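Inspection log for the structure reproduced underneath, given as structure tokens.
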Amino acid sequence: MRLLDIDDLHVRVDDKPILNGLSLSMNAGEVHAIMGPNGSGKSTLANVLAGHPGYEIIGGSIRFAGADLDGLAPEERAHAGVFMAFQHPVEIPGVTNMEFLKAANDSRLAARNLEPLSALEFMKKVRNLAQSLDLDSEFLKRGVNEGFSGGERKRNEILQLLLLEPKLAVLDETDSGLDIDALRTVADGVNRFHADGNGVLLITHYQRLLNHVVPDHVHVLADGRIVESGDGSLAHALEERGYAWLREDREDTPPARRSSGMRN
Amino acid sequence: MIDLDTLGNPPNWLAADTIERSRAALEGGLARETWKYSSLTKTLRMLIGAPGVSRAPLADVPEGVSVTRLSALATPPALTLDIERYPLAGITASLAAEGWLIDVKGSPDRPLVLDCETGINAPTILRVHRGCRVDIREPGARGGVRASVRVLQADAGSTVCWAQAELADDAEQWWLLKAQLKDNASLELHQHAAGARFRRLDTHVTLQGTGSNCLATGAGIVGPGEHLDRQQVVEHAGRNTFSRTKLHNLAGGRSRCSFNGRIHIHPGASGADADLSNKNLALDIEAEINTKPELEIYTDDVRCAHGATVGQIDPNALFYLQSRGLPEHRARRILCIGFLTECIRGPLADKVLNAFLARLDGAAPSAAAELPGGSAQS
């Protein structure tokens with residue numbers, strides 16, 4: 001079943017074009033990795049999918065689970081099943097993590113015309129999730145991401161992913177700032193999410209997360225469009241050779257062939 | 001300036017030259033500076049037209065506490081009003097029908113609940129004796145014209161928790177709380193206030209004794225057409241004194257919210273450790289916020305920090321909450337309450353939080369269910 005269809009997407013920020021004709025399709029249950037040099041548009045893609053108001057779509061379309069995402073507010077996209085794990089999760093002092101999670105979960109359930117969980121049921125569920133991600137339950141009492149280390153923030157993002165049960169996880173450099181153990185814990189969480197038949201769009205700079213979350217497809221983003229697609233071996237090639245060889249290949253290859261691997 | 005000759009002679013427990021000194025101070029530069037964002041003339045007119053209140057401010061008197069009229073004392077304790085800085089204190093004391101001394105010689109088993117009635121309340125000295133511990137609460141919910149002067153004298157080793165909540169929006173109010181702390185005395189101060197037709201709150205803490213300390217927090221919310229002006233002074237006079245002051249205010253609509261916080265480190269007050277922070281959130285372009293933190297340091301070997309910010313709701317935080325499925329209006333509300341909750345502390349916190357939630361929601365009853373203080377707390 002087709003989960004996400006991005007077609008010829010053009011996006012700009014403050015009149016500066018960032019995405020220039022990006023196309024990508026993924027089916028439910030697939031893991032796609034997006035790699036690419038700094039400034040290629042990876043985080044822009046994540047933010048656009050989640051509905052950040054600072055990005056202007058000037059062309060193309062995004063369809064999610066058969067419906068157009070264009071014009072939907074971020075919360076409507078969340079209710080539809082899109083989840084973005086932030087590269088830099090924000091601190092919200094004064095609001096405890098537990099209160100925030102409860103409010104988000106209640107909102108999700110209300111959107112599906114479901115009753116909220118009782119406080120007791122909810123706390124039990126969240127504590128179990130926290131434990132599975134090696135997050136001390138003390139973190140639930142603290143302000144949202146307040147004073148959290150980089151690794152704790154990322155684990156908190158995965159906790160939200162597992163709690164809110166979306167259909168698509170867009171992970172924006174979730175592996176950055178993680179030590180080896182934390183990387184494994186986070187990867188385990190992502191794999192649990194994936195095992196339920198959900199889609200994962202994993203944005204990363206490095207191959208190391210892909211050792212734990214094995215992608216079905218790897219795409220290379222450069223200058224705001226996907227310039228190469230392949231299987232997991234492409235990530236290994238990038239790790240070994242960097243991105244320069246792709247640029248050289250592109251200069252030698254007609255555009256029609258370059259785009260053929262992008263859609264599946 | 002208003003003619004003060006009509007005030008007559010001050011009561012016998014007040015210094016005879018109180019009115020003259022008040023008059024001189026009202027015409028001086030200091031009053032003009034500290035009353036930059038509130039009209040001193042209007043406040044004075046407001047006070048002079050209000051009735052005096054003679055009733056004792058403390059109805060329930062626990063064991064170990066006594067309440068005495070100042071006029072009944074052969075040698076009443078000095079009010080130490082610092083009239084040169086607070087001329088309205090002199091005027092208020094002159095207008096009041098009575099003054100009171102609340103003597104705390106033990107550690108009461110329940111809070112002292114001070115009443116602040118509509119009108120000019122009797123100046124009150126609250127003396128907490130050596131080593132005693134007391135919890136004071138002023139849940140001042142009344143509207144109308146109200147003025148009060150409280151003087152706290154905390155003896156060595158005493159511990160005082162003082163919580164004030166001024167929440168009535170139909171009030172025109174001025175108060176002064178002066179606190180003087182002796183050696184190792186501790187004051188925990190929680191001052192929360194909503195905006196009103198006019199609300200001007202002065203607080204002056206003097207850490208006189210070695211090792212005396214004060215922790216002060218306060219939250220404020222100011223709505224359309226409302227006025228809230230807080231002036232906070234912390235003087236470090238003794239050695240190794242410690243203070244923390246943290247206030248958050250939120251202003252919406254065409255409102256005015258002002259804060260002036262001053263830390264004053266005296267000569268010889270070595271080892272002082274002071275920090276003052278005031279953050280403000282403007283919800284509307286028409287909201288006026290004035291904030292000015294000040295430091296005056298006259299000795300070395302101190303640690304001092306101060307800061308003030310004025311900002312709007314962080315769009316990144318808003319997006320973060322929305323991306324988790326919270327509609328924009330709920331996300332905004334969560335950010336507002338979170339901002340205030342950082343400073344809503346002390347025994348009256350629940351009452352204040354509920355009042356602030358009701359204000360944010362326009363009195364919508366669903367407010368408390370989803371947020372700080374709601375059922376999700378672990």
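The figures follow:
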| read-out | value |
| --- | --- |
| Spans of strands (runs of 3 or more DSSP E) in region A:28-139 with at least 3 residues on the phi < 0 side of the Ramachandran plot and at the interface with chain B (Cβ under 8 Å from one of its Cβ atoms) | A:92-96 |
| Residue count, region B:264-292 (criterion: in a strand (DSSP E or B) and over 15 Å from B:Phe339 (Cβ atoms)) | 9 |
| First in region B:335-358 and farther than 16 Å from B:Ala251 by Cα and within 12 Å of chain A (Cβ to nearest Cβ), second anywhere and among the polar types (S, T, N, Q) and not in a helix (DSSP H, G or I), Cβ under 6 Å, 6 or more apart | B:Arg345/B:Thr217 |
| Residue selected from region A:83-107 under the condition open to solvent by 10 Å² or more (accessible area, probe 1.4 Å) and β-branched (Val, Ile, Thr), by the criterion farthest from the chain's Cα centre (by Cα) | A:Thr96 |
| So A:Leu164, is it more than 26 Å from B:Leu340 (Cα to Cα) and facing chain B (nearest Cβ under 9 Å) | yes |
| Test: residue in region B:293-314 that is within 11 Å of another protein chain (Cβ to nearest Cβ), assigned to a helix (DSSP H, G or I) and open to solvent by 30 Å² or more (accessible area, probe 1.4 Å) | no |
| Any pair with Cβ under 7 angstrom, 6 or more apart, that starts in region A:92-112 at a residue that is of a type in the set (A, V, I, L, M, F, W, C) and ends at one that is part of a strand (DSSP E or B) | A:Ile92/A:Gly143; A:Ile92/A:Val144; A:Val95/A:Gly143; A:Val95/A:Val144; A:Phe100/A:Ile92; A:Phe100/A:Val144 |
| Residues (among the aromatic types (Phe, Trp, Tyr) and closer than 18 Å to B:Glu98 by Cβ) located in region B:1-53 | B:Trp13 |
| Given (1) over 17 Å from the mean Cα position of the chain (by Cα); (2) closer than 30 Å to B:Ile337 by Cβ, number of the condition A:Ser43 does not satisfy | (1) |
| Candidates A:Ile34, A:Ile62, filtered to the one that is over 14 Å from the mean Cα position of the chain (by Cα), among the β-branched types (Val, Ile, Thr) and more than 30 Å from B:Lys246 (Cβ to Cβ) | A:Ile62 |
| Among residues of region A:140-149, those that are surrounded by fewer than 14 Cβ atoms within 10 Å (Cβ to Cβ) and away from chain B (no Cβ under 11 Å), counted | 2 |
| Counted residues, region A:150-172 - those being in a loop (DSSP other than H, G, I, E, B) and surrounded by 21 or more Cβ atoms within 10 Å (Cβ to Cβ) | 1 |
| Scan of region A:108-139 for residues that are open to solvent by 50 Å² or more (accessible area, probe 1.4 Å) and basic (Lys, Arg), ordered by number | A:Arg112, A:Lys124, A:Lys125, A:Arg127 |
| Filtered residues of region B:8-41 (kept if open to solvent by 30 Å² or more (accessible area, probe 1.4 Å) and either within 19 Å of B:Lys292 (Cβ to Cβ) or assigned to a helix (DSSP H, G or I) (or both)) | B:Glu20, B:Arg21, B:Arg23, B:Ala24, B:Gly29, B:Leu30, B:Arg32, B:Glu33, B:Lys36, B:Tyr37, B:Ser39, B:Thr41 |
| Residue match in region B:170-180 (condition: in a loop (DSSP other than H, G, I, E, B) and either on the phi < 0 side of the Ramachandran plot or touching a residue at least 12 places away in the same chain (Cβ under 8 Å) (or both)) | yes |
| Residue match in region A:204-219 (condition: open to solvent by less than 20 Å² (accessible area, probe 1.4 Å) and in a strand (DSSP E or B)) | yes |
| First in region A:131-152 and without any contact (Cβ under 8 Å) to a residue 12 or more places away in the chain, second anywhere and open to solvent by less than 40 Å² (accessible area, probe 1.4 Å), Cβ under 6 Å, 6 or more apart | A:Ser137/A:Ala130 |
| Positions within region B:214-256 being surrounded by 24 or more Cβ atoms within 10 Å (Cβ to Cβ) and among the hydrophobic types (A, V, I, L, M, F, W, C), in sequence order | B:Cys214, B:Ala216, B:Ala219, B:Ile221, B:Val222, B:Leu228, B:Val234, B:Leu247, B:Leu250, B:Ala251 |
| Residues (facing chain A (nearest Cβ under 7 Å) and either polar (S, T, N, Q) or part of a helix (DSSP H, G or I) (or both)) located in region B:318-327 | B:Phe319, B:Tyr320, B:Gln322, B:Ser323 |
| Filter result for A:Arg155 (of a type in the set (D, E, K, R) and facing another protein chain (nearest Cβ under 9 Å)) | no |
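The values are calculated or read from the model by the stated rules, or taken from the named source; none is laboratory data. What you see is a predicted model; the values in this text were computed from it and never measured. So basically every Cβ, Gly included, is an ideal-geometry build from the backbone, and we count neighbours across all protein chains shown. Heavy atoms of the whole protein, side chains included, go into the accessibility calculation; ligands, DNA and RNA do not. Shrake-Rupley method; radii C 1.70, N 1.55, O 1.52, S 1.80 Å.
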